[in-house]
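Down below is the structure, laid out as structure tokens.
None of the figures in this text is laboratory data; all of them are computed from the coordinates on show. Note that the structure is a prediction, hence the values are computed from the model and not measured. No Cβ is skipped: glycine too gets one built from the backbone with ideal geometry, and neighbour counts run over all protein chains shown.
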Amino acid sequence: MSASLCGTWDMVSNVNFEGYMVALGISPCLRKTANKLKLKKVIEEQGGVCRIKTLSVFRNYTTSFTVGHQFEEVTRGLDNQCLKSTVTWDGDRLVCEQIGQKKNRGWAHWIEDDKLHLELYCDGQVCKQVFKKKGLKD
Ligand code: YOG
């Protein structure tokens, strides 16, 4: 895990979260709640294991993995699916492929202008989220 992704990050923008959630089959009621959330990412690495926590006032979601090793990901509290996920580096992007019932599902994280960027994709929909380091201005 590149040191630069590690830390606590606060969401500053969230584009097409709605489209991504529709593609995941999330109910309208849950989407309405989720769309109002300001998400936080806590990214840590210890002994070769990376942990990404997505935190909100409504629900939290944590995934832990070793880069390059496929793992079973259960998206409990999200769309509740069992996935075969693999995280790898593609240049300076940390990329996750999530094999399951949905086509073309995954995400990518990278740093740009001191911000943490995230693309979440599923079945042709792309959600783009940007986070700033906690405590830092714009
Ligand atoms: O992150 O895969 O950083 O795991 C995406 C939510 C909303 C619940 C969050 C709870 C997808 C209702 C995780 C939101 C929408 C909506 C806070 C994104 C599903 C259900 C948990 C993600 C990766 C990359 C690491």
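Given 0.36 nm per residue, what is the gain on full extension from Asp123 to Asn35 after removing their alpha carbon distance, in nm? The partial results should precede the final answer.
Details: separation 88, 0.36 × 88 = 31.68 nm, distance 1.93 nm.
Here the segment from Asp123 to Asn35 would lengthen by 29.8 nm.
Helix-only mean residue ellipticity at 222 nm, the chain, DSSP H runs n ≥ 4 weighted -39,500 (n - 2.57), per residue, nearest 500. What is it? Let's see the in-between values first.
Numbers: 2 runs with 16 residues, N = 138.
Taken over the chain, the calculation gives -3000 deg cm²/dmol.
Remark: relative contact order (the range 9-132) = 26 percent; criterion is Cα-Cα distance under 8 angstrom and separation of 6 or more residues.
For the range 1-53, what is the relative contact order in percent, using Cα pairs closer than 8 Å and at least 6 residues apart in sequence? Please report the intermediate quantities before stating the final value.
Numbers: 45 pairs, mean separation 24.8, N = 53.
Over the range 1-53, the number comes to 47 percent.
Its Cα gyration tensor gives the range 1-102 an equivalent ellipsoid, and the semi-axes of that ellipsoid, as √(5λ) in whole Å with the largest first, are 23, 17, 12. If a spin label sat at a point 7 angstrom from the Cα of Leu136 along the line to its beta carbon, the backbone N atoms of the range 1-31 nearer than 14 Å would be those of 3-12. The label point for Arg76 and the one for Phe58, both projected 7 Å from the Cα toward the Cβ, are 2.0 nm apart.
Please label the shape of the range 43-138 as rounded, prolate or oblate, based on the square roots a ≥ b ≥ c of the eigenvalues of the alpha-carbon gyration tensor (a/c under 1.5 means rounded; beyond that, a/b larger than b/c means prolate, else oblate).
Numbers: a/c = 1.39, a/b = 1.32, b/c = 1.05.
In terms of gyration-tensor shape, rounded.
Would you calculate the volume per residue, in Å³, of the smallest convex hull containing every Cα atom of the range 48-102?
Taking only Cα atoms, the range 48-102 has a hull volume of 89 Å³ per residue.
Just going by the charge dipole of the chain, with Lys and Arg at +1 and Asp and Glu at -1 on Cβ, which of Ser4, Tyr61, Asn104 is farthest out on the positive end? The residue sitting farthest along the positive end of the dipole is Tyr61. For the listed peptides 79-88, 63-72, a ranking on the average number of other beta carbons within 10 Å per residue, highest first, reads 79-88, 63-72. Relative contact order for the range 24-93: 20 percent, from Cα pairs under 8 Å spaced at least 6 residues apart, divided by residue count.
Counting other C-beta atoms within 10 Å, which of Trp89, Trp110, Trp9 has the fewest, and how do the rest follow?
Details: Trp89 12, Trp110 18, Trp9 23.
Result, fewest neighbours first: Trp89, Trp110, Trp9.
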